[in-house]
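Novice: Dropping the structure in here first, questions after.
The values are calculated or read from the model by the stated rules, or taken from the named source; none is laboratory data. As the structure is a prediction and not an experimental result, all values here were calculated from the model. Quick reminder, even Gly has a Cβ in these numbers, built from the backbone with ideal geometry, and neighbours come from all protein chains shown. Each accessible area value is taken on the protein alone, full model and side chains, heavy atoms only, with ligands, DNA and RNA left out. Shrake-Rupley method; radii C 1.70, N 1.55, O 1.52, S 1.80 Å.
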Amino acid sequence: MTAREQTEAYEDIPGTWVFDAQRARQGYHLNEFLYSLMKAANRAAFLANEAEYTRRFAMTEAQRTAVLRRDWNKLLELGGVSYALAKLAFTDGKSYQYMASRMTGMTEKEYVEMMLHGGRSPDGWRSRAERQGRA
Amino acid sequence: MARIVAGIGTSHTPAIGACVDNGKTGEPYWAPLFKGYEPAKAWMARTRPDVAIVVYNDHVNAFDFKIIPTFALGCAEEFPIADEGWGPRPVPPVKGYPELAAHLVQSLVLDEFDITIVNEMQVDHGLTVPLTLLCGTPQAWPCRVIPLAVNVIQYPAPTGHRCYMLGRAIRKAVESWNEELKVVIFGTGGMSHQIQGPRAGLINTPFDTAFLDGLSRDPERLVAIEPLEYLRDAGAEAIELVMWLVMRGALGERVEEIHRFYRVPASSTAVGNIILESR
Ligand SMILES: [Fe+2]
């Protein structure tokens, strides 16, 4: 499979933004911002004035807006990687599990319940065609 | 001669570390998981390895996106515990084995694996959670550790085949080290899981079971799994399982399965554990 075909195949997986080299390129400054939240002093500075803090990084306006809105799926689409996004969730005092539940549109409680029942079945989620067939 | 005597496959779910660190292992959600790891812990205590090579991935802690090494070998004397955003885990620092690590680098590069040499590195849950699961909460870790960080975050990750071949080269490298040492190798991460997007929470137990079977009986079949298949069938983060193939490659042809455990869920992941002794 060529690199190009690989990218097309990634896009065929529903509900998923694969963090490939092109998306990583678009998300570079966004992810560097998220990485900065590993330091307690930076977390405090961000929480004190979110908009101002984000201007230290060369993000696009769309990325900046998505950060301020905690628009998790938009952040994935614009090149954020989930492990870096988790640092924004941690800064808010939330967990991976909370962040994942927001991405699915469920409440955290509903999400935990789904996981306790064996998680989401891959059936109907393997490809766009499979998804449409189920919808 | 140094020998790789066994391999351990285990998930490295961060919530497991947080659970131990906060004294919640007895809670109904977690208790069955820790019970399931008891035989592995007992095996580890019996086996008493001198060195553990831990194949894991960093989760945007030691490495940001300035430099993304595909294979990075930790050559330091000691590896501090990373602060991932909620303070470092309260576990002992990880002691390395710089002499053996330098030898591995030398051997692997000559075997055409272009390893990145890392002389200073913090380690995150990817490495410390497996140590906690297998060794509990000691004052000091019972063996020296050589971290091998694999990029599985920015696609493409190395293929399963590449990982398996690296494992074979590691075995050869260890066996050419002139010191009586008992070495084990950890393959960590997985099993099926996805922690991003509307498809988050995906779990595929049949895939995971077949993967565990394959490690034991038919690794060549696993080596042929395409990267896309991991993503599509077992979730975007299931690609971490290629790291288990480094471990399997390092065990030689014949193995005996000593122990297996599988449970859903720990947070968003299917947790798997297997112990294979080299025969
Ligand atoms: Fe991981």
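Novice: Which three extents, in whole angstrom, do the alpha-carbon atoms of segment B:89-220 cover along their principal axes, largest first?
Specialist: Result, largest extent first: 48, 37, 29 Å.
Novice: Give, in whole angstrom and from largest to smallest, the semi-axes √(5λ) of the equivalent ellipsoid of the protein assembly as shown, with λ running over the eigenvalues of the Cα gyration tensor.
Specialist: Values: eigenvalues 205, 113, 95 Å².
That gives 32, 24, 22 Å for the three semi-axes.
Novice: What's the total accessible area buried between chains B and A, using a 1.4 Å probe, rounded to the nearest 100 Å²?
Specialist: Details: alone 11820 and 8650 Å², together 16670 Å².
That pair hides around 3800 Å² of surface in total.
Novice: Could you name the aspartates and glutamates in cross-link range of A:Lys74, using Cα to Cα under 15 Å and dropping any fewer than eight places away on the same chain?
Specialist: Those aspartates and glutamates meeting the cut-off are A:Glu61.
Novice: When the accessible area of the protein assembly as shown is split by element with a 1.4 Å probe, what percent falls to carbon and sulfur? Before the final figure, lay out each step's value.
Specialist: On the way: 8320 of 16670 Å².
C and S fraction of accessible area: 50 percent.
Novice: Additional query: Kindly report the accessible area of segment A:33-93 per residue (heavy atoms of protein chains, probe 1.4 Å, no ligands, DNA or RNA), in Å². Please list the in-between numbers first.
Specialist: Values: 2570 Å² over 61 residues.
Heavy-atom SASA per residue in segment A:33-93 reads 42 Å².
Novice: If the reach is capped at under 14 angstrom between alpha carbons, list the aspartates and glutamates near B:Lys172, excluding any in the same chain fewer than eight residues apart.
Specialist: List returned: B:Asp111, B:Glu112, B:Glu253.
Novice: Could you do me a favour and compute the accessible area per residue for segment B:168-230, 1.4 Å probe, result in Å²?
Specialist: Numbers: 2180 Å² over 63 residues.
Heavy-atom accessible area per residue stands at 35 Å².
Novice: Further question on the same structure: Please figure out what share of the DSSP beta bridges in segment B:2-278 is antiparallel and state it in percent, rounded to the nearest 5.
Specialist: Values: 20 of 43 bridges.
Of all bridge pairs located within segment B:2-278, approximately 45 percent are antiparallel.
Novice: Would you compute, from DSSP H runs of 4+ residues alone, the mean residue ellipticity of chain A at 222 nm, taking -39500 (n - 2.57) per run and dividing by the full residue count, rounded to the nearest 500?
Specialist: On the way: 10 runs with 89 residues, N = 135.
Here the helix-only value at 222 nm equals -18500 deg cm²/dmol.
Novice: For chain A, what relative contact order do you get, as a whole percent, if you take Cα pairs closer than 8 Å and at least 6 residues apart?
Specialist: 28 percent
Novice: Label-point separation (nm) for A:Glu61 and A:Tyr28, each offset 7 Å from Cα along Cα-to-Cβ?
Specialist: Inter-label distance under the simple model: 2.3 nm.
Novice: Also, I was wondering about something else. Using Cα-Cα distances under 8 Å and only pairs 6 or more residues apart, what relative contact order does segment A:18-92 have, in percent?
Specialist: 48 percent
Novice: For segment A:18-92, report the % of Cα-Cα distances exceeding 16 Å.
Specialist: That tail contains 39 percent of the Cα-Cα pairs.
Novice: Using Cα-Cα distances under 8 Å and only pairs 6 or more residues apart, what relative contact order does chain B have, in percent?
Specialist: So the answer I get is 31 percent.
Novice: Taking the DSSP beta bridges in the protein assembly as shown as the whole, what percent of them are antiparallel, to the nearest 5?
Specialist: 45 percent
Novice: I'd like the per residue volume of the convex hull spanned by the Cα atoms of chain B, given in cubic angstrom.
Specialist: Spread over its residues, the Cα hull of chain B gives 119 Å³ apiece.
Novice: Counting each DSSP H run of 4 or more residues in chain B as -39500 (n - 2.57), what helix-only mean residue ellipticity at 222 nm follows after dividing by all residues, to the nearest 500 deg cm²/dmol?
Specialist: -10500 deg cm²/dmol
Novice: Answer with one residue from A:Met38, A:Pro122, A:Thr2: the one whose Cα lies farthest towards the positive end of the charge dipole of chain A, charges on Cβ with Lys, Arg +1 and Asp, Glu -1.
Specialist: So the residue furthest toward the plus end is A:Met38.
Novice: Over 21 Å between Cα atoms, which of A:Lys87/B:Lys41; B:Lys95/B:Lys182; A:Lys109/B:Lys35 qualify?
Specialist: A:Lys87/B:Lys41; A:Lys109/B:Lys35
Novice: What does the charge dipole of segment A:18-92 about its Cα centre add up to, to the nearest 20 debye, if the Cβ of each Lys and Arg holds +1 and the Cβ of each Asp and Glu holds -1? Intermediate results must be reported in sequence, preceding the final value.
Specialist: Numbers: 11 positive and 8 negative charges, 23 e Å.
The dipole magnitude comes to about 120 debye.
Novice: If you don't mind, there's one more thing I want to ask. Would you work out the charge dipole size for segment B:1-72 about its Cα centre, treating the Cβ of every Lys and Arg as +1 and the Cβ of every Asp and Glu as -1, and quote it to the nearest 20 debye?
Specialist: 280 debye
Novice: How well do other chains shield peptide B:230-243, expressed as the mean number of their Cβ atoms within 10 Å of each residue Cβ?
Specialist: Counting other chains' Cβ atoms within 10 Å and averaging over B:230-243 gives 3.
Novice: Okay, next question. Greater than 20 Å separation of Cα atoms is the criterion. Which listed pairs, A:Lys94/B:Lys24; A:Lys39/B:Lys66; A:Lys94/B:Lys66, meet it? Don't jump to the answer; show the numbers that get you there.
Specialist: Details: A:Lys94/B:Lys24 18 Å; A:Lys39/B:Lys66 17 Å; A:Lys94/B:Lys66 27 Å.
From the list (A:Lys94/B:Lys24; A:Lys39/B:Lys66; A:Lys94/B:Lys66), the Cα-Cα distance tops 20 Å for A:Lys94/B:Lys66.
Novice: For the protein assembly as shown, with only Lys/Arg (+1) and Asp/Glu (-1) charged at the beta-carbon, what is the dipole magnitude about the Cα centre, in debye rounded to 20? Let's see the in-between values first.
Specialist: Working: 44 positive and 49 negative charges, 126 e Å.
Rounded to the nearest 20 debye, it is 600 debye.
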